[in-house]
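A short write-up of the structure that comes next.
Bear in mind that the values in this text are calculations on the coordinates, not laboratory data. Please read all numbers here as calculations on a predicted model, not as lab measurements. Don't worry about glycine lacking a Cβ; one is built from the backbone with ideal geometry, like all the others, and counts go over all protein chains shown.
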Amino acid sequence: MKKKMLTVLLAAAMTVSLAGCGSKDADKKDNASVQNTENAKSDNGSDRTQFVVGFDAEFPPYGYMDEDGDYTGFDLELAQEVCDRNGWELVKKPINWDSKDMELESGSIDCIWNGFTMNGREDDYTFSDPYVDNSIVVVVAKDSDINKLSDLAGKVVDVQADSSGLAALQGDDATDENKELTASFAELQQVADYNTAFMNLESGAVDAVVLDIGVAKYQMSSKGDAFRMLDEQVSSEQYAIGFKKGNTELRDQVQKTLDEMVKDGTFTTIVNNYTDYNLPEMVCLGE
């Protein structure tokens, strides 16, 4: 009798235990569902509280660290105004430019906003409207004997890795002329950032640097008359904000806000903070 009673009690206990486990599993599923819903909300513009911008912290005047140690720049000022108008907190996230796609795909950033060339990348991202027409130029030392693109034959040239300058020289959409130009170099060196490139140029380790005109003007203005820019340009391109492919809702919200900024004059006010870098002549949004 005692054995039967013990068996009944054990069976009852197991039933309660299994029910408890089932309840915990259900709770876990419910929590996961809630978490997934929250993550899904973060993909669009209407429910978000933060806006995470991925940028190269050494790409002035679009994004860089100022003398006070704060991240600033033309693109970051635009992003701040967009966030202010939408009630979002701007999170400025410096990234390794080579890892920008991984950062975007993983969701650790919401967009790439940092003088980001859209030409040739239209199928890889969901882009905003272009807002800057940019040119790729060549900078040499002031006393260099290089005066035109053809003079780069047999020279050592620096360019930032995975940059628009590199794409213009040897990317899939590079012109035949630029590919021939690149083939004429003694060496094309890829560096992590343009500060390194200009140190190399200043020391004589390289003969020229290929880069965006805005960055070129910044570097030249900050280093006196040590450098000069060739009159011939390598190419022209357009900058836009790159969102994860398919994220049209967030793109549309940001674009709508930018268009409002153009209409009320705020965009122009921010642009005029960067006259030293020729930005008023380069912007194309609203034209």
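What to note about this one:
- Cβ-based net charge around Phe227, under 11 Å, with every Lys or Arg adding one and every Asp or Glu removing one: +1
- Formal net charge of residues neighbouring Asp212 (Cβ-Cβ distance under 12 Å; K, R +1; D, E -1): -2
- Within the shell defined by Cβ-Cβ distances under 12 Å, the residues around Ser108 carry a net charge of -1, with Lys and Arg each +1 and Asp and Glu each -1.
- Exposure proxy order (Cβ contacts within 10 Å, fewest to most) of Val271, Val156: Val156, Val271
- The ranking of Val137, Val234 from fewest to most other beta carbons within 10 Å of each one's beta carbon is Val137, Val234.
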